[in-house]
Every structure is written in C-alpha cells, then in structure tokens.
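A short write-up of the structure that comes next.
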Amino acid sequence: MTKINTKTYPIAKALVFMFLFLAPFALLAQQTIETIDQSLRYSRYSRLALKIIPVQEGEKSFLLQMPIEKIEESIDFNTYQFAYAILRSYQEPITAQNLILLNESDLKADTDFHYYFEKRVDLPEDQELAIALLQVTDTRQGDTYYYHIDLISPYVFGHPDFWAFYGDGIPFDQAFIQKNDPLEFKGRTGISLHAFHYPTQFDVPLPPMEIRPANVPREVVVNYEGEFFLNTPKSFDKEGYYFIQADTNSTQGMLVKTVHEAFPRVKDYEEMVDMVAYISTRREHEALNEAQDKKLALDKYWIGMLKEEQTAKNVIREYFKQIEFANILFTDFKEGWKTDRGMVYTVMGPPNEVYFRPNGEVWSYLSANSNSKITFTFARVKNILTPNYYILNRSRALQPEWFKSITSWRNGQMVF
C-alpha cells in the first residue's frame with residue numbers, strides 16, 4: 001500500500017483527518033436519539049460518565065456545561081472522540097453535518113476526575129423544541145457513549161440561570177451530595193439564592209406487576225432555609241432534598257439531595273433491611289424489621305435462603321453492588337434504589353437495550369435460552385424538581401419474569 005506523505009500534500013492531510021475523525025459520525029446517518037441503543041449509559045463497566053448541564057442565559061440561549069467523569073484510570077484524551085449537537089427532535093438524524101467536534105483545545109478544564117467542556121448556543125426565536133446531545137466514542141473498541149437533555153420541550157419548566165461547582169471548578173454533575181460537603185454556586189445575575197428543604201422520606205416502590213396506585217404522602221413538608229450568597233461555599237446539614245432558586249416566583253431551580261456519609265453504598269444494617277425488600281417475602285421482611293439484632297437477623301436470613309456461606313457472601317456483594325449503581329444512576333429527590341428505574345435495575349440487572357422517547361424510556365432484557373425480550377417502559381412525567389423523572393408502566397404481564405429474577409437471586413444464580 002502506498003504511504004501518502006501528508007507533510008508534502010496538505011489536501012491529503014485534510015482528507016486523512018476527515019476519514020479518521022468524521023467516519024465514525026457518518027455511520028450515524030440514519031440514527032436518531034430514538035433509535036440509538038443507550039444501554040452503555042447504565043453499564044457497570046462504563047469507562048466514562050457523561051453529563052450536560054444547561055444554564056439558561058436567555059429565553060433561547062444556553063451555556064452548555066459538559067463534564068465527563070473519568071471512570072477509567074490513566075485516561076488519554078486522544079483515546080476518545082468528543083462531539084456535541086443541538087437537535088430539533090428525537091427523530092432528527094444524527095450526522096456529521098450536525099455533530100460538532102470537540103478537540104483538546106476546547107477543554108475548559110482537565111482534572112484528575114473530569115474532562116470539562118463549555119459551549120454557548122443560541123437557538124432561533126421560532127424553535128419550540130431543542131435537545132442537546134453529547135457523544136463520545138472510544139476508538140479502541142468503537143463503544144459510543146451518549147447523553148442528551150431537553151433544552152426546550154413540554155417536559156421541562158426551563159433551566160436555572162445558575163449552577164453549583166465542586167472545589168476544583170467542575171460543575172456539580174450528580175443529584176446528591178453528602179451532608180456538610182460544600183458547593184459553590186455561581187450565577188450571572190443577583191447576589192444570592194434561596195434554599196427550600198424537604199425532609200420527606202419515601203417508601204419502597206410497588207413491584208412492577210402491582211397495578212394499584214402507590215401510596216402518596218398526604219402532606220409534603222417544606223421549610224424555607226433562607227438566602228445564601230453566590231460565589232461562597234455553601235453546605236447543607238439536613239438529610240432530605242433541597243430546591244435552590246434564584247427567583248421564588250419562577251418554576252426554575254436546582255435539586256440537591258443530601259445523603260449520609262456512606263452513600264451511594266449501604267450505611268448500616270437498618271438500611272440493609274430496607275433494601276432486601278425487593279427479594280424477600282412479606283413475612284421475611286416483617287421479621288427482619290422486628291428483629292432487635294439486625295446483623296444477626298440478616299446473617300440468618302442470607303444463610304437460610306442460600307444455604308452455603310460463600311454463596312451468601314457472593315450474592316450479598318452483588319446485590320449491594322446493584323444498589324450502589326442504582327443510587328449513582330437514578331437518584332433524584334429519592335435515593336436511586338427507591339426509584340422505579342432503580343428498583344428494576346437492582347432486581348433485573350443492567351438492561352441489554354435502552355431506548356429513549358420524548359415521553360419515556362424503554363428497557364429490554366434478553367430472555368435466557370430464548371429470542372424473546374422482556375420490556376419495561378418508564379413514562380416521563382413533568383416535574384419541577386428534575387427533568388428526568390420517570391415512573392414505571394406497571395403490568396401483571398411482568399409478574400413471571402419478575403419472580404424468575406427474584407428466584408435467581410434467592411438461589412444464588414443471578415449473574416451480570
């Protein structure tokens with residue numbers, strides 16, 4: 001094969017660049033947000049975690065904060081190809097024409113834990129729907145990571161004109177923070193923000209085949225915590241969740257859930273008892289709740305169920321690893337494991353396929369020894385606290401597969 005000297009032929013150099021960097025995007029010519037399988041977002045083996053945080057600077061203008069968490073150690077920037085796009089719908093094709101490459105010169109920060117890009121976007125005045133998409137491709141395996149968020153849609157109230165930052169200047173890229181850990185809030189207007197605290201505790205969700213309505217708290221307690229200044233460290237000392245606003249007359253704000261020091265891991269045996277509800281009978285769970293010595297009761301529970309000590313240790317490790325991932329992935333104003341998506345994730349494992357729609361999210365699991373799929377559909381619900389609130393469409397048809405997975409846990413046969 002003839003080797004082209006790109007130093008001598010600048011046009012050839014440009015063509016090589018286009019082939020190496022744009023060819024992967026060209027393959028997406030017929031793909032849309034609706035048709036892309038985003039299961040890698042929920043994988044236990046992801047190398048990166050993507051986020052887009054829009055800060056609203058005007059009615060149709062946004063600052064896109066794009067922190068990318070480095071899960072992989074000793075990461076090399078050139079191992080990945082970064083790009084973003086602004087789409088008009090979930091059905092708009094993702095192509096090389098609407099993907100904008102992000103190069104190393106575009107980095108606003110490169111820390112031990114994050115790559116961080118920022119881009120400002122101005123939308124046409126008549127645009128009524130806009131979705132920001134971040135795409136990162138691992139050039140070694142070809143794995144492609146995605147993250148998207150609605151900038152303008154019927155499912156969002158708008159976005160705040162401020163945000164919180166870690167001490168290293170990276171935007172706060174999760175919903176939860178440990179009590180008393182500081183954040184610094186930065187905004188474009190005003191000098192202070194308002195904090196509202198909700199001490200609400202939530203019950204474990206109903207199983208997927210239970211079609212009666214879930215219990216809803218009759219009253220939601222909210223306490224106004226007063227104002228605090230922008231650009232100074234701020235911590236929150238109560239468990240629950242906080243809603244932060246610049247303007248208390250608006251619907252725009254930021255959710256911050258405060259958690260215990262061990263979160264996203266389990267804190268103590270009391271919490272362990274709550275978390276095994278998904279794979280326990282009602283009688284087993286009642287007995288665990290009534291036990292004076294929770295550790296002893298849990299030891300008897302696991303050994304009695306799995307019969308062999310090493311098997312029990314393996315299952316305990318895997319079960320609470322699922323809880324940990326559910327907390328990382330799905331925490332909003334509830335702990336992640338208590339959300340509908342967190343419940344399904346804990347019991348069924350990471351989904352084999354994940355597809356997004358404007359009004360929901362669809363997970364599929366491949367049935368063992370069969371070509372059939374088990375599908376869970378989560379409906380998107382407009383919520384002032386978060387643009388990513390989903391509830392499971394429950395159905396009695398899900399009961400056989402749900403019980404099959406629970407049986408696998410109880411037999412020590414659940415493998416991911």
Spatial extent of the stretch 108-178: Rg and Dmax, with the Cα atoms as the point set, Å: 15.1, 42
If you line up the long axis of helix 10-26 against the longest principal axis of the chain, both from Cα atoms, how many degrees apart are they, to the nearest 10? 30 degrees
Here, ASN388 and GLU353, labelled 7 Å along Cα→Cβ, have an inter-label distance in nm of 2.3 nm
Quick one: ranking TYR84, TYR198 by accessible area, 1.4 Å probe, largest first, what do you get? TYR198, TYR84
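With all protein chains present, how much of the accessible area of the chain (probe radius 1.4 Å) comes from carbon and sulfur, to the nearest whole percent? Could you put the intermediate results ahead of the total?
Working: 10660 of 21240 Å².
So the carbon and sulfur contribution to the accessible surface is 50 percent.
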Among ILE68, TYR145, PHE196, flag the residue with its Cα farthest along the positive direction of the charge dipole of the chain, charges on Cβ as +1 for Lys/Arg and -1 for Asp/Glu. TYR145
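How much accessible area per residue does the stretch 208-271 have, counting only protein heavy atoms and a probe of 1.4 Å, in square angstrom? Let's see the in-between values first.
Values: 3910 Å² over 64 residues.
That works out to 61 Å² per residue.
So for PHE330, PHE196, what's the accessible-area order with a 1.4 Å probe, most first?
Working: PHE330 5, PHE196 40 Å².
The residues order as PHE196, PHE330, largest area first.
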Taking 0.36 nm per residue of separation between LYS373 and ASP168 and subtracting their Cα-Cα distance, the length gained on full extension comes to 69.4 nm
Length-normalised contact order of the chain in % [C-alpha pairs under 8 Å, at least 6 apart]: 15 percent
Quick P(r) readout (the chain; Cα-Cα; 10 Å bins; whole %) gives 4, 19, 29, 26, 15, 6, 1, 0, 0
Helix 399-410 versus the longest principal axis of the chain: what angle, 0 to 90°, nearest 10, using Cα atoms? 80 degrees
Relative to the longest principal axis of the C-alpha atoms of the chain, give the angle of the C-alpha long axis of helix 294-306, reported between 0 and 90° and rounded to the nearest 10°. 80 degrees
Any aspartates and glutamates whose Cα falls less than 19 Å from that of LYS108, other than same-chain ones fewer than 8 residues away, would be GLU57, GLU69, ASP76, GLU118, ASP168, ASP173, GLU184
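Under the rule of -39500 (n - 2.57) per DSSP H run of 4 or more residues, summed and divided by the residues of the chain, what mean residue ellipticity at 222 nm is obtained, to the nearest 500 deg cm²/dmol? Please list the in-between numbers first.
Values: 7 runs with 89 residues, N = 416.
Helices in the chain give a 222 nm mean residue ellipticity of -6500 deg cm²/dmol.
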At 1.4 Å probe size, with no ligands or nucleic acids counted, give the accessible surface of ARG410 in Å², nearest ten. 60 Å²
With Cβ to Cβ distances under 9 Å as the rule, what net charge do the other residues near LEU366 carry (K, R +1; D, E -1)? 0
Say R0 is 41 Å: what FRET efficiency, to the nearest 0.05, do THR311 and GLN201 get from their beta-carbon distance? 0.80
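Over the stretch 328-394, average the accessible area per residue using a 1.4 Å probe and give it in Å², no decimals. Could the numbers behind the result be given before it?
Details: 2460 Å² over 67 residues.
That works out to 37 Å² per residue.
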Can you tell me which aspartates and glutamates have their Cα less than 14 Å from the Cα of LYS60? Leave out same-chain residues fewer than eight positions away. ASP122, GLU125, ASP126, GLU128, ASP150, ASP161
Please list, ordered by chain and number, the residues whose modelled amide H lies under 5 Å from the amide H of TYR241; skip anything fewer than 5 residues away on the same chain. TYR198, THR200, THR258
Nearest 0.05, what FRET efficiency do LEU366 and ASN411 give at R0 = 22 Å with Cβ-Cβ as r? 0.65
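Could you report the stretch 21-141's accessible area per residue, 1.4 Å probe, as an integer in Å²? Before the final figure, lay out the partial values.
Working: 5540 Å² over 121 residues.
Accessible area per residue, the stretch 21-141: 46 Å².
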Using a 1.4 angstrom probe with every protein chain in place, what is the largest-first accessible-area order of ILE177, ILE303? ILE303, ILE177
In the chain the DSSP beta bridges are antiparallel at a rate, in percent to nearest 5, of 95 percent
Gain in span if fully extended, SER39 to VAL220, counting 0.36 nm per residue against the direct Cα distance: 61.7 nm
If we restrict to alpha carbons, what Rg and Dmax does the stretch 314-416 come to, in Å? 13.9, 43
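Let's test the formula: R0 of 60 Å, r as the Cβ-Cβ distance of GLN292 and GLN91. What FRET efficiency results, to the nearest 0.05? If you can, show how the numbers build up before the last one.
Numbers: r = 58 Å, r/R0 = 0.96.
Computed FRET efficiency for GLN292 and GLN91 comes out at 0.55.
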Using a cut-off of 29 Å between alpha-carbon atoms, which lysines can reach LYS300, once sequence neighbours fewer than 8 places away in the same chain are excluded? LYS267, LYS313, LYS321, LYS338, LYS404
Express in Å², to the nearest 10, the accessible area of PHE416 obtained by rolling a 1.4 Å probe over the protein heavy atoms while all chains stay in place. 80 Å²
Taking the full set of protein chains and a 1.4 angstrom probe, give the accessible area of ARG212 in square angstrom, rounded to the nearest 10. 120 Å²
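The values are calculated or read from the model by the stated rules, or taken from the named source; none is laboratory data. This is a predicted model, so every value here is computed, not measured. A quick note on method: Cβ atoms are made from the backbone with ideal geometry, for glycine too, and the neighbour counts reach across all protein chains shown. Accessible surface areas use protein heavy atoms only, side chains included; no ligands, DNA or RNA. Shrake-Rupley method; radii C 1.70, N 1.55, O 1.52, S 1.80 Å.
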